[in-house]
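Sharing a structure below in structure tokens format, with a few things to ask.
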Amino acid sequence: MSGRRSRQSSNTPRITDDQIIDLVSKLHQFLPEIRNTRRSNKASANKVLQETCNYIRNLHKEVDDLSERLSQLLSSIDADSPEAAIIRSLI
Amino acid sequence: MKARMQMSSSVVKQEFFKKWIKGMQIYSAFNKEMTIMERKRAIKLSADVAIASTRSATTQWSRAVVADVSTSAAGAARAAAEEILGRKLPERKALATTCSKKIVRRSHQRRSKAAARGVVRSSAAIAKKLVRNRTRVLKRLVPGGKKLDEISLIKETLDYIACLQVQVDVMRHLAAAAESLDHQQISF
């Protein structure tokens with residue numbers, strides 16, 4: 001180990017494959033559509049990680065799109081109507 | 001990690017919504033006539049700081065979001081963030097990331113040299129490599145993920161995704177409300 005920069009301190013216990021698999025299966029519950037029937041754990045971990053990354057990217061894009069949509073909507077609302085005044089006063 | 005994960009999501013939604021609105025109002029106070037792009041930025045930054053603030057620094061990702069805003073935001077953005085967080089942000093510091101970028105670049109070069117040597121890998125090794133690459137991508141997607149070990153990264157990811165879902169849900173509802181208002185006005 002000499003000369004090599006290790007990411008963890010020597011006091012941290014080694015992460016077991018089981019722990020990774022357990023946490024990855026928790027990620028499962030958040031992913032809207034992943035039908036995983038593969039037996040291989042590494043393959044399923046890979047699939048779940050991939051779906052997770054895609055899902056996060058989609059959520060990021062949605063936040064961006066919604067921000068843009070809201071910006072357009074809020075600027076086009078006529079400030080004279082009373083209901084619009086409520087929404088308009090938000091921003 | 002604390003039991004905040006079990007907290008009712010509607011409570012989190014309300015907290016997020018209030019803070020988000022507060023942030024946007026600060027922007028409006030700075031600038032009455034924003035362009036669409038400026039308003040979009042106001043909406044997005046307020047939303048990002050607001051959702052991070054619902055975790056009140058108990059997670060790495062929320063701390064990373066706040067740290068990022070601390071270094072890059074100025075003027076209305078900074079004021080909005082401070083209002084949402086309820087405290088002053090630390091002074092802006094120069095980013096010290098150039099050093100770590102070089103290290104990452106060097107280690108990347110090391111990996112491709114192994115491939116250039118024509119090393120034949122077993123399928124298990126390939127699977128392991130795929131997982132490692134995907135983990136690297138995930139580290140980039142989750143704020144503050146780069147310095148986390150695998151276990152912490154996945155825990156952070158779980159929390160981060162839950163919060164992103166809250167953020168998107170509330171934003172969708174406001175957009176739907178604003179949109180139905182828009183349609184009502186057209187029909188009159």
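The values are calculated or read from the model by the stated rules, or taken from the named source; none is laboratory data. All figures in this text were calculated on a predicted structure; none of them were measured in a lab. Using ideal geometry, Cβ is built from the backbone for each residue, glycine included, and neighbour counts are taken over all protein chains shown. Side chains are part of the model used for accessible areas, which takes the heavy atoms of the whole protein and leaves out ligands, DNA and RNA. Shrake-Rupley method; radii C 1.70, N 1.55, O 1.52, S 1.80 Å.
Residue under question is residue A:68, and the condition is that it be modelled with pLDDT under 65 and either in a helix (DSSP H, G or I) or buried (at least 20 other Cβ atoms within 10 Å of the Cβ) (or both); does it hold?
Values: modelled with pLDDT under 65: no; either in a helix (DSSP H, G or I) or buried (at least 20 other Cβ atoms within 10 Å of the Cβ) (or both): yes.
It is false that residue A:68 is modelled with pLDDT under 65 and either in a helix (DSSP H, G or I) or buried (at least 20 other Cβ atoms within 10 Å of the Cβ) (or both).
Assess whether residue B:80 counts as being at pLDDT below 95, of a type outside the set (D, E, K, R) and open to solvent by less than 50 Å² (accessible area, probe 1.4 Å). Let's see the steps before the verdict.
Details: at pLDDT below 95: yes; of a type outside the set (D, E, K, R): yes; open to solvent by less than 50 Å² (accessible area, probe 1.4 Å): yes.
Yes: the conditions hold for residue B:80.
Do we find a residue being open to solvent by 50 Å² or more (accessible area, probe 1.4 Å) and either under 15 Å from residue A:49 (Cβ atoms) or among the acidic types (Asp, Glu) (or both) anywhere in the range B:141-151?
Filtering the range B:141-151 for residues open to solvent by 50 Å² or more (accessible area, probe 1.4 Å) gives B:146-147, B:149-150.
Going one step further and asking which of them are either under 15 Å from residue A:49 (Cβ atoms) or among the acidic types (Asp, Glu) (or both), we end up with B:149-150.
Within the range B:141-151, one or more residues are open to solvent by 50 Å² or more (accessible area, probe 1.4 Å) and either under 15 Å from residue A:49 (Cβ atoms) or among the acidic types (Asp, Glu) (or both).
Continuing with the same structure: Any residue at all in the range B:92-101 that's at pLDDT below 90 and open to solvent by less than 50 Å² (accessible area, probe 1.4 Å)?
Narrowing the range B:92-101 to residues at pLDDT below 90: B:92-101.
If we keep only those that are open to solvent by less than 50 Å² (accessible area, probe 1.4 Å) too, we end up with none.
The answer is no, given that none of the residues of the range B:92-101 is at pLDDT below 90 and open to solvent by less than 50 Å² (accessible area, probe 1.4 Å).
Additional query: For the range B:125-142, state whether one or more residues are part of a loop (DSSP other than H, G, I, E, B) and at pLDDT 85 or above. Break it down into steps so the answer makes sense when it comes.
The initial filter retains those residues of the range B:125-142 that are part of a loop (DSSP other than H, G, I, E, B), namely B:142.
From what is left, the residues that are at pLDDT 85 or above are B:142.
Yes, the range B:125-142 contains at least one residue that is part of a loop (DSSP other than H, G, I, E, B) and at pLDDT 85 or above.
Among the residues of the range B:152-169, write down those that are open to solvent by less than 20 Å² (accessible area, probe 1.4 Å) and either over 13 Å from the mean Cα position of the chain (by Cα) or facing another protein chain (nearest Cβ under 7 Å) (or both).
Listed by number, the residues that qualify are B:153, B:154, B:157, B:158, B:161, B:164, B:167, B:168.
If we scan the range B:43-57, do we find a residue that is within 8 Å of another protein chain (Cβ to nearest Cβ) and surrounded by fewer than 21 Cβ atoms within 10 Å (Cβ to Cβ)? Please lay out each step first, then the result.
Filtering the range B:43-57 down to residues within 8 Å of another protein chain (Cβ to nearest Cβ) leaves B:43-44, B:47-48.
Adding the requirement that they be surrounded by fewer than 21 Cβ atoms within 10 Å (Cβ to Cβ) leaves B:44.
The answer is yes, given that some residue of the range B:43-57 is within 8 Å of another protein chain (Cβ to nearest Cβ) and surrounded by fewer than 21 Cβ atoms within 10 Å (Cβ to Cβ).
Check off (1) open to solvent by 20 Å² or more (accessible area, probe 1.4 Å); (2) touching a helix residue (DSSP H, G or I) at 6+ places or on another chain (Cβ under 6 Å); (3) of a type in the set (A, V, I, L, M) for residue B:12 and give me the number that stays unchecked.
(1)
Residue under question is residue B:77, and the condition is that it be within 14 Å of chain A (Cβ to nearest Cβ) and small (Gly, Ala, Ser); does it hold?
Working: within 14 Å of chain A (Cβ to nearest Cβ): yes; small (Gly, Ala, Ser): yes.
Yes; evaluated as a whole, the condition is true for this residue.
Of all residues in the range B:28-83, count the ones that are free of Cβ contacts under 8 Å to residues at least 24 places away in the same chain and at positive phi.
2
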